Protein chains: 2
Amino acid sequence: MSVMQQLSSPISSSSSAFLSHSNFNSRSKNVWVPAKRIGICKCVAVPQEAQTAYTTKVSRNANMAKLQAGYLFPEIARRRAAHLLKYPDAQLISLGIGDTTEPIPEVITSAMAKRAHELSTLEGYSGYGDEQGEKALRAAICSTFYSGLTVDQDDIFVSDGAKCDISRLQVLFGANVTMAVQDPSYPAYVDSSVIMGQTGQFQKDVQKFQRIEYMKCTPENGFFPDLSSVPRTDIIFFCSPNNPTGAAATREQLTQLVKFAKHNGSIIVYDSAYAMYTSKDNPHSIYEIPGAKEVAIETSSFSKYAGFTGVRLGWTVVPKILLFSDGFPVAKDFNRIVCTSFNGASNIAQAGGLACLSPEGLKAMDDVVGFYKENTNIIMETFDSLGFKVYGGNAPYVWVHFPGRNSWDVFSEILEKTHVVTTPGSGFGPAGDGFIRVSAFGHRKNVLEACKRFKQLYK
Amino acid sequence: MSVMQQLSSPISSSSSAFLSHSNFNSRSKNVWVPAKRIGICKCVAVPQEAQTAYTTKVSRNANMAKLQAGYLFPEIARRRAAHLLKYPDAQLISLGIGDTTEPIPEVITSAMAKRAHELSTLEGYSGYGDEQGEKALRAAICSTFYSGLTVDQDDIFVSDGAKCDISRLQVLFGANVTMAVQDPSYPAYVDSSVIMGQTGQFQKDVQKFQRIEYMKCTPENGFFPDLSSVPRTDIIFFCSPNNPTGAAATREQLTQLVKFAKHNGSIIVYDSAYAMYTSKDNPHSIYEIPGAKEVAIETSSFSKYAGFTGVRLGWTVVPKILLFSDGFPVAKDFNRIVCTSFNGASNIAQAGGLACLSPEGLKAMDDVVGFYKENTNIIMETFDSLGFKVYGGNAPYVWVHFPGRNSWDVFSEILEKTHVVTTPGSGFGPAGDGFIRVSAFGHRKNVLEACKRFKQLYK
């Protein structure tokens, strides 16, 4: 493919906002026009076709080239934008990306505003904080989420979100590990693995990357993988309650998983970002399982508990007794990554996190979670009443089965006919094909309106 | 080294706050005590010496093992803490890490507080923003810092800081690039390169990593490398005004650098985080140099302009016409990294950034920068009056020459005898040995007091 073809070809790895056709078409503006101050003027814009672009001699990272299409959610944003171009007057409802919609409780925003104001005072100003997070917040996370689980507060690394920590963990592991992932699952696990060079090429026929173990999670196995058929890998990404299926692993299942990891000497990266959405019976942390601290890292986030998707705050737990094969503590290397590649979460966001974990904050978060769970129930009942098999209930996502159909076709059908954005199940892995994920993040009136439209479409 | 030795040996890659001896000694608390809710109780704490630790079968990332000692600044924090243990009553003054000390101007914190409050309203709430940053902020950065330089606003990726972007850029480049770095320079360039596997082992005799080109910048060459003796590399990290030397490259020097990169087909990663500290004559952006957009990425930050070290906000410019050897735009891959490994800077911090770029905000930032520059002058004059050769002036750092002496010895001497924390020059690269960096970030009274003590010590 020539340079010019590449510049004008459909963008395969982009978000909607950036590098859309219209942006690239405006590229001719980029022809060098010297700044006036330099006092040279030799340049006349030439038609793009005739221009010979300068290329560096730096080879593109081959791992980047392996990535398929766009990162899922920017691709959905692109299709959403295209739909709005086609139907400018459509009353579009987004139950796609899983973006929180309800205001952050005032007890939390007040704490952030207060911290912001304090930063303009001599007494209240603070610069660089500990890369690992403020001590008070680490302590509060520890006592709130890991009470009685012998997690130490200095096992907790505060971050700008679980997604960012997943990539930092991949940098920590490096290129030479093998990994397993639930199929379907949150696409950042696979994509970050590809970027780090842990995988081979994408195999179009099976829609899988070489060297990744896709652990099938379907209604047939109750959305828990048949571990007896999963080969050993170094790393096992496991999200519970799962995004996108909404399935929460039971204590027995997680005990199996920890046993499996221990037998294989694997490290579990346990994503508990939706733990507050599950029932009291299901474990809320992998560390509730005996022995898990020797084999598991846990990552979580305030995003879906307190509406912090834009504020950015999460954490990762790396127990000190989790050791590499040579006995070196994983936490030491993760600490080095955090100190070298990160400079701590925003101090204002951290003040918000601390407020989240106050008694009023916890109550407020419970209310937020409860609200979205009601949405989950409304959507589940809607599809159930239409005769669909519906899964989930333990997460702010509903997983609807359209047996035998292509997910993107269903996505398009729903978008075209109801102006509701969902997420195609195949975007989460090949076992997600035939499903769509409906996010329960939405204002109540929008969720009800969307359900009304679903009923009209599928009655 | 046995597991137990590793667990109790001095921590080589840690920050002071985490994994200190006292933390690790408390590790015995980590012996598994089942949570009450599980209803099993079989565990009796055994002496640490007798315990056989479980190790996973995951190999430690060999690149992590190449890293030397701690990341510089955590190591200094560790020594500072040790000093305070020894002298609990010392009036310690920190001119070490380069951490801002002056309050954030109220026009900026008010905007952040306002945004925080708005997040608790239906109208003002926002969740996930564009990973690349809010459009208004990208536009404001573009028009403030790149006016007349034909940088497009969608070339700008807003981030949580330049340090974080440096690591994301390294992930983008991957393991197979070669890199050059100013010697001395900000340690995150080298350390992130090591982590990504771009280097060989550390060579103790020359204090350099294999496969990195250390471009010597000393008083002899006016702190600009002799490019005729620098071999070609894929990537060239270049910071101007430089941290730690405070040297700002002239237009002629940067023109040479761009020509050098273009001749070699290299990509420059230009760190302009201190650009506002330099005189009007020196370029404030690499894009002031004709042709730079074809070979250069620029990264910068609000940290040192507005005291945002704890708030976290920066940006990186990747021009669309910067191309890999196969013609693929670097910006497309960087966009993919940003979308996969990052979720945008905190929306509250972005509101602060926008306020920074308002007319009042710009004036306020100018005042902050002006204040620290006065500190720079005070420190420079002090060491000058004591007969030292002093360099800098274009950055909030003063680079003091102690010919023939070991930097860490000088660091220790100053700490021991004046209770002032500085930074040893060798922490920035082998050519930094014999120097110390004195940060100009400090309250005026502390800077004056530190200078008084310097005068007593070196009179």
Run the simple label-point estimate for B:ALA53 and A:GLU360 please: 7 Å along Cα→C-beta, distance reported in nm. 4.4 nm
222 nm [θ] for the protein assembly as shown, helices only, -39500 (n - 2.57) per DSSP H run of 4+, per residue, to 500? -11000 deg cm²/dmol
Taking amide hydrogens as modeled 1.01 Å from N in the peptide plane, which residues meet the under 5 Å criterion relative to A:ALA296, leaving out close sequence neighbours? A:ILE268
With +1 on the Cβ of every Lys and Arg and -1 on the Cβ of every Asp and Glu, and nothing else charged, how large is the dipole of chain B about its Cα centre, in debye rounded to the nearest 20? 1500 debye
Taking the label point 7 Å from Cα along the Cα-Cβ vector, the copy-to-copy distances for B:PRO430, listed from shortest in nm with one decimal, are 5.1
Spacing of the two label points (7 Å from each Cα toward its C-beta) at A:ASN221 and A:LEU457, in nm: 3.0 nm
Antiparallel bridge percentage (DSSP; both residues within chain A; nearest 5): 50 percent
Just want to confirm a number: the relative contact order over segment B:106-358, from Cα pairs under 8 angstrom separated by 6+ residues, in percent. 26 percent
Quick one: work out Rg over Rh on the C-alpha atoms of chain B, Rh as Kirkwood radius. 0.99
Which whole-Hz couplings ³J(HN,Hα) result when phi for each residue of segment A:208-221 is put into the Karplus expression 6.51 cos²θ - 1.76 cosθ + 1.60, θ = phi - 60°, listed in order with x for Gly and Pro? 9, 7, 4, 6, 9, 8, 8, 8, 4, 10, 9, x, 4, 10
For peptide A:202-208, compute the average count of partner chain beta-carbon atoms within 10 Å of each residue's beta-carbon. 0
Give the lysines reachable from A:LYS163 as a straight Cα distance under 25 Å; neighbours fewer than 8 places away on the same chain don't count. A:LYS66, A:LYS135, A:LYS208, A:LYS216, A:LYS293, A:LYS304, A:LYS320, A:LYS332, A:LYS373, B:LYS135, B:LYS163, B:LYS332
Within 10 Å of each Cβ in peptide A:310-317, how many partner chain Cβ atoms are there on average? Round it to a whole number, please. 5
At 0.36 nm per residue, and after removing the present C-alpha to C-alpha distance, how many nm does the segment from A:ARG211 to A:HIS263 gain when stretched out fully? 16.7 nm
To check you understand DSSP bridge types, tell me what percent of the beta bridges within the protein assembly as shown (both residues inside) are antiparallel, rounded to 5. 50 percent
Hey, can you grab everything whose amide H is under 5 Å from the amide H of B:ASP271? Only 5+ residues off in sequence or another chain; H modelled, so Pro and N-termini drop out. B:PHE238, B:CYS239, B:SER240, B:THR299
If you average the C-alpha positions of segment A:320-356 and of segment B:137-209 separately, how far apart do those two centres end up, in angstrom? 21 Å
Taking 8 Å as the Cα distance limit and 6 or more residues as the minimum spacing, I'd like the relative contact order of chain B as a percentage. 19 percent
Among the trypsin sites (Lys or Arg not before Pro) in segment A:233-291, which ones are in a DSSP loop with at most 16 other Cβ atoms within 10 Å of the Cβ? Mind listing them? A:LYS280
Can you give the convex hull volume of the alpha carbon atoms of segment B:82-220 per residue, in Å³? 256 Å³
Across peptide A:145-151, how many C-beta atoms of other chains are within 10 Å of each residue C-beta, on average? 3
Taking amide H atoms as placed 1.01 Å from N in the peptide plane, list the residues 5 or more away in sequence, or in a different chain, whose amide H sits under 5 Å from that of B:SER94. B:VAL421
Can you work out the FRET efficiency for the pair B:ARG405 and A:THR144, with r the C-beta to C-beta distance and R0 = 56 Å, to the nearest 0.05? 0.65
Can you give the Rg and Dmax of the protein assembly as shown based on its C-alpha atoms, in angstrom? 27.1, 90
Spin-label pair B:LYS114/A:ALA62, simplified geometry with 7 Å Cα→Cβ offset, distance in nm: 5.3 nm
Under the convention of a label 7 Å out along Cα→Cβ, give the distances in nm from B:ASP366 to the same position in every other copy, shortest first. 5.4
What are the distances, in nm and sorted shortest first, from the label point of B:GLU252 to the label points of the same position in each other copy, with each label point placed 7 Å from Cα along the Cα-to-Cβ direction? 8.1
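Coordinate-derived values only; no laboratory data. In this text the structure is predicted, and so the values were computed from the model without any measurement. Every residue, glycine as well, gets a Cβ built from its backbone with ideal geometry; the counts of neighbours run over all protein chains shown.
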